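Note sheet for the following structure.
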Amino acid sequence: MQKRGQVTVFIIVGIVLLLVVGLLFFQQGQDETETVLIDRELITVPYASSVQDFVQSCFEQVVELGVLQTGRQGGYWESPLDYSIIFFDDSLPYYYADEKMMIISEVDAEKELERYIEETLPTCLQNFSHFEEEGYKIMSGKVDVNVDFGQQVIVELKYPLEVQKGITVIELHDFVHTVDINIQKFLETARKIVQKHMDTEGYVCLTCIDEWATDDDVIITVFPVYDTGPFGNDLVWFTMQDKDTALIKGNNFTFEFIVEAIPVKEKEEFVMEDIVSFDILSNILFEYQIKTNKDDVLFYDDTDMFDINNDGLIKFTPSEDQKGSHFVEIEAQDNIGNIDTELILFTIN
């Protein structure tokens, strides 16, 4: 009986010890779990925000520099090589050349800014080398940018990032930045300018530009650029900016482009053939067609001897009582109002 009692006691003690050890492991597991949770609360937020702030800061900087550069280059990041010229550090696009309007579309201008951001952002981020030196592991996905021009420039960045430090991992992906510039307005004003340039051959309609500047609330500056080289390709350089100065990082936003100057065609002078005199006989039909260097001409005369017709034909039979010398003024007028006159001596024998 004594042995059985001892065995029972050992069993009870073993069970108690097992329960105690189990409770200790459970408590330790709880403590570890709580430690991890506490660590996440203490570590995740600060380091996540530092990475997020870094990406956001780079993103905003690249967006604003891109808006400035594409504005100075008429909506382009990379202007067409065949239709642009270098002014200082910028490549200004032709909006009119070779008798064609070639203004960049709003959609293409948005894509130009998207490409600028996608290709320039990694340079600013520098592969997160600063964070890696501090023990971060950062895996990045593809940069995807969407630009929308409206009353403002709205840029959305999708950039999947997996950021790890220690035992914690977080994911970042969406960033947004807005620039208070209405590029839509500048494109619309540029289209008006170029269309008028094409319509008013050889001239810049300054009164029109003043009206558009008032209507669209912009400042428009015009610079003639005379090419003294062998090509003789004279240009007109247009710059536009908001009347309420729009500053991006201390720089004025300007929208710039050039157009090829349209030379004024020399107008052909309207002339009637030189006629001094006619010697004609009475009672014999006289016919003569007056000639000019243009078609669609009206003719007039100041005599009662005959009536010149609309085609310039003189046709009449002089009478006996019309013998003698008569000065007749013939007037010709083209369809835009140019006039030429000839004083002709008719001698009737």
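Structure values in brief
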{"read-out": "All positions within segment 327-347 that are among the acidic types (Asp, Glu) and free of Cβ contacts under 8 Å to residues at least 60 places away in the same chain", "value": "GLU329, GLU331"}
{"read-out": "Residue in segment 172-193 that is part of a strand (DSSP E or B) and modelled with pLDDT under 90 present", "value": "yes"}
{"read-out": "Long-range neighbours under 8 Å by Cβ, at least six apart or interchain, first residue at pLDDT 90 or above within segment 200-222, second assigned to a helix (DSSP H, G or I) and exposed (fewer than 12 other Cβ atoms within 10 Å of the Cβ)", "value": "VAL222/LEU206"}
{"read-out": "Yes/no for VAL176 being surrounded by 19 or more Cβ atoms within 10 Å (Cβ to Cβ), under 15 Å from PHE54 (Cα atoms) and of a type in the set (A, V, I, L, M, F, W, C)", "value": "no"}
{"read-out": "Some residue of segment 249-259 being over 30 Å from ASP90 (Cβ atoms) and either touching a residue at least 60 places away in the same chain (Cβ under 8 Å) or of a type in the set (Gly, Ala, Ser) (or both)", "value": "no"}
{"read-out": "Condition broken by ILE209, with the remaining ones in (1) farther than 22 Å from SER91 by Cβ; (2) in a strand (DSSP E or B) satisfied", "value": "(2)"}
{"read-out": "For PHE238: the one exception among (1) at pLDDT 90 or above; (2) more than 18 Å from GLY66 (Cα to Cα); (3) out of contact with any Asp or Glu (no Cβ under 9 Å at 6 or more places or on another chain)", "value": "(3)"}
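The values are calculated or read from the model by the stated rules, or taken from the named source; none is laboratory data. These numbers were taken from a predicted model, which means no experiment stands behind them. Glycine also receives a Cβ, built like all others from the backbone with ideal geometry; neighbour counts cover every protein chain displayed.
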